[in-house]
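Take a look at the structure below.
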């Protein structure tokens, strides 16, 4: 498994930071997955997070673990990938509320997935040298 995805999953909830004009915005998310060797996250097309990533795809993720924290800087690239959408639904069932037609067939509707490119991750801990995590 991708070591960055593994590290993010170990934190449980992590935070995604975007830029909204000249203001930073941060929100908690918990769904991250490796799909075909790439890191993916998802969001709803009607959310500000989506609009902000489309306007400025440079984002950061940050999560706290036991005695350490993880920072990931990357570029979020919208990916029209139904396999990734399906995997994100399996990972975070609450997403089904956004895209279930009621007849057992998914209509991906407003679900968007982003592939995280050029991810650079570093784990920090008090009194320890920062550790780079390779994908």
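Just a few scattered comments:
- Matching residues in segment 46-90 - criterion: being in contact (Cβ under 8 Å) with a residue 60 or more places away in the chain and surrounded by fewer than 15 Cβ atoms within 10 Å (Cβ to Cβ): 46
- Test for residue 31: is it without any contact (Cβ under 8 Å) to a residue 24 or more places away in the chain and farther than 21 Å from residue 131 by Cα: no
- Selection count where residues are under 16 Å from residue 120 (Cα atoms) and either in contact with a helix residue (DSSP H, G or I) (Cβ under 9 Å, 6 or more places away or on another chain) or in a loop (DSSP other than H, G, I, E, B) (or both), scope segment 2-17: 3
The numbers here are math on the coordinates, done by the rules we state, and not lab data. No experiment lies behind these values; they were computed from the predicted model shown. Quick reminder, even Gly has a Cβ in these numbers, built from the backbone with ideal geometry, and neighbours come from all protein chains shown.
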